[in-house]
Amino acid sequence: MADCYLCGKRAVFRTEDGPLCAEHFSKWYENGVANAISRYSMVNPGDRICVGFSGGKDSTVLLAALCRLNLDCELVAVTVDEGIGGYRDDTILAAKDTALRLGVEHRIVSFKDICGKTLDELLANSPQAACSVCGTLRRRALNAAAREIDADSIATGHCLDDESQSVVMNYLRGDVTRATASFNSNSGDLFIRRIKPLCRSTERATVAYGLCNNLLVPLPECPYTRYALRKDVRTWLGKLEYEKPGTLIRIADGQEELLSKMPKAEGEKKILGRCEKCGEPTSNKLCAACQQLERLM
Ligand code: SF4
């Protein structure tokens with residue numbers, strides 16, 4: 001690769017403006033995260049932010065970038081232990097180590113704590129539904145942890161690739177409710193605000209930032225990934241992004257523009273109540289997590 005166009009040192013990443021060395025690229029990446037935070041007004045002075053921290057590459061970069069931005073806020077990293085054999089134990093060790101190095105308070109909450117069973121036990125008879133069950137219970141676990149630490153918001157490491165994949169997956173599934181739910185939105189006052197500071201950063205740049213700053217360690221892949229539709233969509237969009245750079249941001253921006261032109265979706269206007277079983281916010285009698293658990297237990 002050519003030299004950094006700002007200082008002439010060896011470049012590690014080519015941006016739209018030109019190639020950058022590790023130092024200038026790291027600054028460029030952090031500026032991108034800061035711009036996303038300001039674009040969507042994600043952080044208020046004095047906020048206490050619960051950072052969803054799996055120990056994987058995206059959440060590790062998220063935590064490090066938030067620390068380096070010196071925002072006027074307090075960070076608490078929370079790792080959800082789903083109970084996935086051969087996978088989660090290694091990522092928990094990596095998470096503990098990173099949080100310690102960054103000097104961030106770290107907590108762990110497990111599926112076993114919230115429903116008495118691990119994900120492996122819940123899925124003993126239907127591994128295909130893994131990601132849907134996992135995602136719903138993970139949201140429940142993070143909400144509970146965020147409430148316990150009195151957080152103003154929950155930050156997750158979803159990057160631009162994840163956001164664009166979700167847009168495409170909602171259309172592939174014909175899931176109109178999710179397709180019309182606002183990007184970076186809150187579904188109601190009872191929920192803790194969700195923020196995604198990496199939502200304008202590509203996965204490629206996120207990994208490069210992690211490597212440049214010695215943040216990443218090799219970790220196993222979740223064994224349930226092979227059942228996920230997301231895996232196919234990721235491969236397909238990754239190929240499109242390579243052949244037609246800018247595809248991912250065009251999908252995310254297109255979706256945002258589409259939503260801005262729509263009347264507020266019914267689901268978002270509904271006044272939320274509380275789940276009859278667990279007290280979590282929901283528009284139905286039972287929240288999504290309790291419905292999932294009723295089907296599986
Ligand atoms: Fe959960 Fe699916 Fe991610 Fe595995 S791949 S951690 S099951 S969402």
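Amide H to amide H under 5 Å from SER54: which residues, 5+ apart in sequence or cross-chain, H placed 1.01 Å off N in plane?
SER59
Using the number of other C-beta atoms within 10 angstrom as an exposure proxy, rank GLU16, GLU82 with the fewest first. Don't skip to the end; give the middle numbers.
Numbers: GLU16 6, GLU82 23.
So the ranking, lowest neighbour count to highest, is GLU16, GLU82.
Output ³J(HN,Hα) for the stretch 98-113: one whole-Hz value per residue in order, computed from phi by the Karplus curve 6.51 cos²θ - 1.76 cosθ + 1.60 with θ = phi - 60°, and x for Gly and Pro.
Computed from phi, the couplings for the stretch 98-113 are 5, 4, 4, 4, 7, x, 10, 4, 10, 10, 10, 10, 10, 4, 4, 5 Hz.
Take the alpha carbon atoms of the stretch 1-152, find their radius of gyration, then divide it by 2.2 N^0.38 Å using N residues; give the quotient. Don't jump to the answer; show the numbers that get you there.
Numbers: Rg = 18.5 Å, N = 152, 2.2 N^0.38 = 14.8 Å.
Rg over 2.2 N^0.38 Å, computed on Cα atoms: 1.25.
Got a sec? How would ARG193, ARG101 order by Cβ neighbour count within 10 Å, fewest to most? Can you show the working numbers first?
On the way: ARG193 20, ARG101 12.
Ascending Cβ contact count within 10 Å gives the list ARG101, ARG193.
Full-extension gain between ALA2 and ASN44, please, as 0.36 nm times their residue separation minus the C-alpha to C-alpha distance. Don't jump to the answer; show the numbers that get you there.
Numbers: separation 42, 0.36 × 42 = 15.12 nm, distance 3.98 nm.
Answer, rounded to one decimal: 11.1 nm.
Any idea what the relative contact order of the chain is, in percent, if you count C-alpha pairs under 8 Å spaced at least 6 apart? Mind dumping the intermediate values first?
Numbers: 449 pairs, mean separation 57.6, N = 297.
With pairs under 8 Å counted, the relative contact order is 19 percent.
So which residue, out of CYS159, CYS212, CYS278, gets the largest mean-square fluctuation from a GNM of the chain using Cα contacts under 10 Å as springs?
Fluctuation is largest for CYS278.
With 10 angstrom as the radius, rank VAL33, VAL61, VAL176, VAL76 by how many other C-beta atoms surround their C-beta, starting from the fewest. Please report the intermediate quantities before stating the final value.
On the way: VAL33 23, VAL61 28, VAL176 12, VAL76 20.
Ordered from fewest to most neighbouring Cβ atoms within 10 Å, VAL33, VAL61, VAL176, VAL76 come out as VAL176, VAL76, VAL33, VAL61.
Check the straight Cα-Cα distances from LYS9 and name the aspartates and glutamates below 19 Å, setting aside those fewer than 8 residues away within the same chain.
Partners within reach: ASP17, GLU23.
Rounding to the nearest 10 and keeping the result within 0 to 90°, find how far the Cα-based axis of helix 130-148 lies from the longest principal axis of the chain.
Helix 130-148 sits roughly 90 degrees off the main axis of the chain.
What shape does the stretch 23-263 take by its C-alpha gyration tensor, where a ≥ b ≥ c are the square roots of the eigenvalues and a/c under 1.5 counts as rounded, a/b above b/c as prolate, and the rest as oblate? Mind showing how you got there, number by number?
Details: a/c = 1.24, a/b = 1.05, b/c = 1.18.
Judged from the Cα gyration tensor, the stretch 23-263 comes out rounded (a/c under 1.5).
Do any GluC sites (Glu not before Pro) in the stretch 197-243 lie in a DSSP loop with no more than 11 other beta carbon atoms within 10 Å, and if so, which?
Working: sites: GLU203, GLU221, GLU241, GLU243; in loops: GLU221.
Sparse-neighbourhood loop GluC sites (Glu not before Pro): GLU221.
Computed from the coordinates by the stated procedures, all read-outs in this text should not be read as laboratory data. In this text the structure is predicted, and so the values were computed from the model without any measurement. Note that we place each Cβ from the backbone using ideal geometry, even for glycine, and neighbour counts take in every protein chain shown.
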